[in-house]
Amino acid sequence: MYRVSVLLLVVTAAIGVFGPLIETRQRAPEAIARAYLRAVEQGDIESALATLDPMERETQRQRVAWQIGNRYEIVTLVLGRPSLVDQVAGRGSAPAWVTVLADVTTVTGERWRSTSTAPLVQRDGAWYLTRPLFA
């Protein structure tokens, strides 16, 4: 009985220590999507571009510039990853993606609700959008 209690204590402590670390790593893709929308709202094109895949930044510059100053009130933000079946079957898909439902207000005052999905890519341990959201 004593060994079981000690084992449960060790397992609980491990979960308490490593659980938040794992959750933080899983939230990184969500943070990059929020950072992109925040940079666009603040009119900071360079910060918005910094959230995009370094290999795509210059080709996406104009699309990002068209969005500068728009406002995005996020209703729902969902992260997706390929299923275990897709991974085992070798089906080609992005390692992750983000889908955002938001109320969009343009700089001219037009308003609508829209959904945008962008594949994510991980480079050198950091997550990036492969294309601008809502562009």
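The values are calculated or read from the model by the stated rules, or taken from the named source; none is laboratory data. Note that this is a predicted model, so its numbers are computed, not measured. So basically every Cβ, Gly included, is an ideal-geometry build from the backbone, and we count neighbours across all protein chains shown.
Within region 62-71, which residues are assigned to a helix (DSSP H, G or I) and either surrounded by fewer than 16 Cβ atoms within 10 Å (Cβ to Cβ) or modelled with pLDDT under 95 (or both)? Give the steps one after another, and end with the answer.
Here is the first cut: in region 62-71, the residues assigned to a helix (DSSP H, G or I) are 62-67.
Listed by number, the residues that qualify are Q62, R63, A65, W66.
Which residues, counting only those in region 72-107, are within 21 Å of D44 (Cβ to Cβ) and modelled with pLDDT under 95?
Matches in region 72-107: V107 only.
What are the pairs with Cβ atoms under 9 angstrom where one residue, in region 111-126, is touching a residue at least 24 places away in the same chain (Cβ under 8 Å) and over 18 Å from R81 (Cβ atoms) and the other, located anywhere, is part of a strand (DSSP E or B) and among the aliphatic types (A, V, I, L, M)? Sequence gap at least six, or different chains.
R113/V75; R113/L101; R113/A102; R113/V104
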